[in-house]
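The values are calculated or read from the model by the stated rules, or taken from the named source; none is laboratory data. Computed from a predicted model, the values in this text were never measured in an experiment. All Cβ positions, glycine included, derive from the backbone under ideal geometry; neighbour counts span all protein chains shown. Accessible surface is based on the protein model in full, side chains and every heavy atom, while ligands, DNA and RNA are left aside. Shrake-Rupley method; radii C 1.70, N 1.55, O 1.52, S 1.80 Å.
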Amino acid sequence: MISSHVGRRSFASNFYGKIPTPLLIQTTGHSSEQMFLQYINPVDKERILSLSTYFDKVYTERNIRNSHYNNFL
């Protein structure tokens, strides 16, 4: 079972470094940056950013393929 907590944490982790941190803090409802950073575990910042870059690449490639496919229809 996936809870809203998992969704909130995934959102915060996936967009950390892409969306301004103050906006993420406000969105997740944390009272301070220190609490927010503990929540997303910044020790894994490199892993988080690498995964985010990977998923952006996959998403972009998929959209390009779909765009080419749709042009042939």
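Considering only residues of region 8-44 that are among the hydroxyl-bearing types (Ser, Thr, Tyr) and out of contact with any Asp or Glu (no Cβ under 9 Å at 6 or more places or on another chain), which is nearest to residue 57 (Cα to Cα)?
16
Could you give every pair whose Cβ atoms fall below 8 Å, whose first residue belongs to region 30-46 and is within 16 Å of residue 6 (Cβ to Cβ), and whose second residue is at pLDDT 75 or above and not polar (S, T, N, Q), counting only separations of at least 6 or pairs across chains?
Every condition considered, the pairs that remain are 39/9; 39/12; 39/30; 40/9; 40/12; 40/16.
May I ask you to verify whether residue 33 is open to solvent by 60 Å² or more (accessible area, probe 1.4 Å) and modelled with pLDDT under 85?
no
Take residue 46 and decide whether it is modelled with pLDDT of 85 or more and in a helix (DSSP H, G or I).
Spelling it out, it is not the case that residue 46 is modelled with pLDDT of 85 or more and in a helix (DSSP H, G or I).
Mind listing just one residue for me: the one in region 9-30 that is under 20 Å from residue 54 (Cβ atoms) and among the small types (Gly, Ala, Ser) and, of those, modelled with the highest pLDDT?
Selected residue: 12.
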